[in-house]
Amino acid sequence: MGNANRLKRVVIVGGGTAGWMAAAALSRFFADGQRTITLIESDAIGTVGVGEATIPPICNFNAMLDIKESDFLRETRGTFKLGIEFVNWGRVGDRYFHPFGEYGQDFHGIQFHHLYLRECARSGQAGGISEYSMSTMAACSARFGRPAQGAQSLVNQIAYAYHFDASLYAGFLRRLAERQGTQRREGRITDVQRNSETGDVMSVKLENGEKIAGDLFIDCSGFRGLLIEEALQTGYEDWSHWLPMDRAIAVPTANQGSPDPFTRSTAHSAGWQWRIPLQHRTGNGHVFSSAYMDEDEARSILLDNFEGEPLAEPRTLQFKTGMRRKAWNHNVVSLGLSGGFIEPLESTSIHLIQNGIQRLFALFPDNPISPLERDEYNRGMAELFEDVRDFIILHYKATQRGDSEFWRYVRDMDVPDSLARKMELWRLHGRVFRENAELFTTPSWVAVMLGQNIEPSSYDPIADTLDESKVAAAMEQMRRAYAETAKKLPGHEAFIRQSGGWHEDMPRPFAAAGIG
């Protein structure tokens with residue numbers, strides 16, 4: 001019992017966002033003189049670094065590491081993100097917003113969207129559901145406000161995440177992790193030694209001949225999966241029949257104005273284009289399916305549809321959507337791209353890393369590793385990946401587009417039973433049932449379903465138990481209050497500057513105006 005069974009040596013293979021997130025978190029709690037945290041990376045091996053948009057749980061991760069928000073924004077050239085604007089997804093010309101946070105206010109335990117659906121059916125005067133979202137109303141006017149604990153204001157309904165430069169975030173976390181005791185080793189791994197009896201990884205060998213032994217290994221080596229796949233041959237569950245995108249072309253451009261507090265996703269004929277505004281540049285990329293579009297055409301679409309001067313040559317990345325059959329195999333835990341990949345449509349890549357780290361904390365093993373705890377980790381990660389997968393598939397399935405072979409395929413394809421059931425429950429009475437600890441909340445499902453024209457046949461009959469005139473009056477008052485509150489918020493850039501989050505060395509081409 002006790003310290004005799006503690007794992008002493010944790011080895012992280014690979015740097016980048018995944019590796020340094022793991023190192024920063026583990027060294028905060030485990031680099032205590034009893035254990036060692038070692039990260040191996042090679043400067044000669046590039047990192048993907050495409051994911052620069054996040055979802056709200058990243059705030060919790062930074063808080064866990066005691067990172068001050070203004071320092072984080074300044075060091076990563078970060079901006080705030082209130083949600084995602086989707087263009088051309090339901091039909092060409094359509095536009096809707098998927099916000100962070102809630103829609104309206106529930107009445108007597110009845111979810112707001114049912115009251116909204118009833119009012120739409122009753123009078124047709126309810127307006128768009130976006131008008132009942134504080135995050136959306138702020139985003140549409142390029143304004144931002146931070147919730148304040150205890151304050152009685154609609155601003156407290158804002159939920160937010162960040163846009164940031166992923167390579168700068170990795171560097172920021174590296175400095176933090178090394179201050180906390182993480183040891184970095186430079187070099188390529190040339191060999192992996194396994195225990196002949198247990199099959200566990202015992203050590204890795206660097207090209208300079210150095211051997212680094214460990215009790216627990218965390219594979220952050222990217223799509224290659226140096227330990228989880230090359231050494232352990234864990235296997236991969238391929239989801240490309242549901243999500244056929246397998247390429248992304250990325251290019252940064254110069255900013256044309258103050259950065260917007262939201263990501264934009266614009267659907268094209270065989271994929272979609274992202275726009276992610278940072279302090280010092282805008283990230284752009286075109287995610288597409290090579291089965292329906294060749295690379296030259298995809299590059300032309302991207303170059304014809306961004307704003308500002310390109311700051312680098314377009315870069316192409318290849319991927320296969322899916323997940324490792326086991327996120328944790330033997331004594332190797334995979335994080336980031338080595339564990340799986342789901343296209344960045346809803347900015348979940350960094351969250352999957354974060355959740356994997358926090359789940360590892362919750363199930364951190366002794367020596368020998370318990371198969372029960374390892375299986376629990378794998379069950380939880382598989383559920384999370386499948387939840388995210390279903391939500392991403394929804395965006396493609398819930399379309400009326402038939403203008404290309406690609407859109408006809410995804411519109412008509414069979415989807416996982418778990419998603420088909422959710423869509424049918426929505427079509428009947430606008431109901432959303434979340435299972436287990438699903439990542440995406442009811443408002444997220446409502447945003448995409450309504451945004452992509454999936455109208456339910458009716459609303460929940462329980463909504464009829466409330467007085468129509470009182471609900472209608474309350475909704476109208478609510479709608480006015482959201483609009484008025486948004487007008488009083490500072491401009492997005494102004495807020496970052498006032499809070500000390502704007503990088504000091506940045507030129508100031510725009511006035512930090514916009515305070516209402």
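Please enumerate the residues belonging to region 429-448 that are closer than 15 Å to Ser133 by Cβ and either in a helix (DSSP H, G or I) or in contact with a Gly (Cβ under 8 Å, 6 or more places away or on another chain) (or both). Selection gives Thr442, Pro443, Ser444, Trp445, Val446, Ala447, Val448. Against the criterion of being in contact with a Ser or Thr (Cβ under 8 Å, 6 or more places away or on another chain) and over 23 Å from Pro57 (Cα atoms), Asn331 does not qualify. Residues in region 464-493 that are among the acidic types (Asp, Glu) and touching a helix residue (DSSP H, G or I) at 6+ places or on another chain (Cβ under 8 Å): Asp464, Glu468. Figure legend. Inter-residue proximity from region 392-419: first residues in contact (Cβ under 8 Å) with a residue 12 or more places away in the chain and farther than 17 Å from Tyr292 by Cβ, second residues in a helix (DSSP H, G or I) and β-branched (Val, Ile, Thr), beta-carbon distance below 9 Å, spacing 6+ or different chains. Indicated pairs: Leu394/Val448; Ala398/Val448; Val415/Ile393; Pro416/Ile393; Leu419/Ile393.
Report whether or not Leu115 is among the hydrophobic types (A, V, I, L, M, F, W, C), outside any strand (DSSP E or B) and over 25 Å from the mean Cα position of the chain (by Cα). Yes: the conditions hold for Leu115. On the basis of being under 14 Å from Gly340 (Cβ atoms), in the same structural domain as Arg421 (by TED's automatic domain parsing) and crowded, with 16+ Cβ neighbours inside 10 Å, does Ile392 make the cut? Yes: the conditions hold for Ile392.
For region 131-143, how many residues are closer than 15 Å to Trp445 by Cβ and in contact with a helix residue (DSSP H, G or I) (Cβ under 6 Å, 6 or more places away or on another chain)? Explain how you work it out, then say what you get.
Here is the first cut: in region 131-143, the ones closer than 15 Å to Trp445 by Cβ are 133.
Still in the list and also in contact with a helix residue (DSSP H, G or I) (Cβ under 6 Å, 6 or more places away or on another chain): none.
Selection size over region 131-143: 0.
How about region 1-34: which of its residues are under 26 Å from the mean Cα position of the chain (by Cα) and of a type outside the set (A, V, I, L, M, F, W, C)? Talk me through it step by step, then tell me what you get.
Narrowing region 1-34 to residues under 26 Å from the mean Cα position of the chain (by Cα): 11-29.
Across region 1-34, the qualifying residues are Gly14, Gly15, Gly16, Thr17, Gly19, Ser27, Arg28.
Looking across region 239-274 at every residue that is of a type in the set (S, T, N, Q) and outside any loop (DSSP other than H, G, I, E, B), the one that is surrounded by the most Cβ atoms within 10 Å (Cβ to Cβ) is identified as Thr263. Can you confirm whether region 87-107 contains a residue that is out of contact with any helix residue (DSSP H, G or I) (no Cβ under 7 Å at 6 or more places or on another chain), in a strand (DSSP E or B), in contact (Cβ under 8 Å) with a residue 24 or more places away in the chain and surrounded by 14 or more Cβ atoms within 10 Å (Cβ to Cβ)? Yes, there is a match, as at least one residue in region 87-107 is out of contact with any helix residue (DSSP H, G or I) (no Cβ under 7 Å at 6 or more places or on another chain), in a strand (DSSP E or B), in contact (Cβ under 8 Å) with a residue 24 or more places away in the chain and surrounded by 14 or more Cβ atoms within 10 Å (Cβ to Cβ).
Looking across region 6-22, the residues that are aliphatic (A, V, I, L, M) and either assigned to a strand (DSSP E or B) or over 13 Å from Asn62 (Cα atoms) (or both) come down to Leu7, Val10, Val11, Ile12, Val13, Ala18. Among the residues of region 18-46, the ones that are out of contact with any strand residue (DSSP E or B) (no Cβ under 6 Å at 6 or more places or on another chain) and modelled with pLDDT of 95 or more come to 6 in all.
Condition check ((1) among the small types (Gly, Ala, Ser); (2) touching a residue at least 12 places away in the same chain (Cβ under 8 Å); (3) within 30 Å of Ala142 (Cα to Cα); (4) out of contact with any Gly (no Cβ under 7 Å at 6 or more places or on another chain)) across all residues:
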site: Asp464; (1), (2), (3), (4): no, yes, no, yes
site: Arg479; (1), (2), (3), (4): no, yes, yes, no
site: Tyr482; (1), (2), (3), (4): no, yes, yes, yes
site: Lys487; (1), (2), (3), (4): no, yes, yes, no
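So which residues in region 192-212 are surrounded by 12 or more Cβ atoms within 10 Å (Cβ to Cβ) and assigned to a strand (DSSP E or B)? Val192, Gln193, Arg194, Val201, Met202, Ser203, Val204, Lys205, Leu206, Ile212, listed by residue number. Residues in region 294-334 that are touching a Gly at 6+ places or on another chain (Cβ under 7 Å) and part of a loop (DSSP other than H, G, I, E, B): Arg325, Ala327, His330. What number of residues within region 163-191 satisfy the criterion of being part of a helix (DSSP H, G or I), hydroxyl-bearing (Ser, Thr, Tyr) and surrounded by 17 or more Cβ atoms within 10 Å (Cβ to Cβ)? Residues in region 163-191 being part of a helix (DSSP H, G or I), hydroxyl-bearing (Ser, Thr, Tyr) and surrounded by 17 or more Cβ atoms within 10 Å (Cβ to Cβ): 1 in total.
Of all residues in region 53-65, none are at pLDDT 95 or above, in a helix (DSSP H, G or I), crowded, with 20+ Cβ neighbours inside 10 Å and touching a Gly at 6+ places or on another chain (Cβ under 7 Å).
Does Arg508 fit the bill of being among the basic types (Lys, Arg), at pLDDT below 95 and more than 24 Å from Ser130 (Cα to Cα)? So Arg508 fits the description; yes.
The values are calculated or read from the model by the stated rules, or taken from the named source; none is laboratory data. In this text the structure is predicted, and so the values were computed from the model without any measurement. Cβ atoms come from the backbone with ideal geometry, glycine included; neighbour counts cover every protein chain shown.
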